[in-house]
Amino acid sequence: MDTREDFNRTVQLLSALALYAHTFGADRAFVDAIGPSLAVSLPDPPPGVFPPGYDPNDGPRYPGGQS
């Protein structure tokens, strides 16, 4: 599996987990255990996902965010 495929698969799994978490009867313990594990396993985005020169730390300050 290449880097882009691994990144896309992990994002899809996180999306599916988010949808599951909002269904009636979802197992909260499962979501709470798997969510952080998936988030930590998310690899760095492959080249080309963000535009050239993109800086994720640049931009407006949001209320409640860290200064």
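The values are calculated or read from the model by the stated rules, or taken from the named source; none is laboratory data. The model shown is predicted, which means the values in this text are computed figures rather than measured ones. Cβ placement follows ideal geometry from the backbone for every residue including glycine, while neighbour counts extend to all protein chains displayed. Calculation scope for accessible area: heavy atoms of the full protein, side chains included, ligands and nucleic acids excluded. Shrake-Rupley method; radii C 1.70, N 1.55, O 1.52, S 1.80 Å.
Summary of values
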item: Matching residues in segment 1-18 - criterion: being surrounded by fewer than 12 Cβ atoms within 10 Å (Cβ to Cβ) and either more than 13 Å from the chain's Cα centre (by Cα) or more than 30 Å from Pro47 (Cβ to Cβ) (or both); result: Met1, Asp2, Glu5
item: Close pairs from segment 5-23: first in contact (Cβ under 8 Å) with a residue 40 or more places away in the chain, partner open to solvent by less than 50 Å² (accessible area, probe 1.4 Å), Cβ under 9 Å, at least 6 apart; result: Phe7/Pro43; Phe7/Pro46
item: Leading residue by the ranking (least open to solvent (accessible area, probe 1.4 Å)) among those in segment 32-66 that are β-branched (Val, Ile, Thr) and part of a helix (DSSP H, G or I); result: Ile34
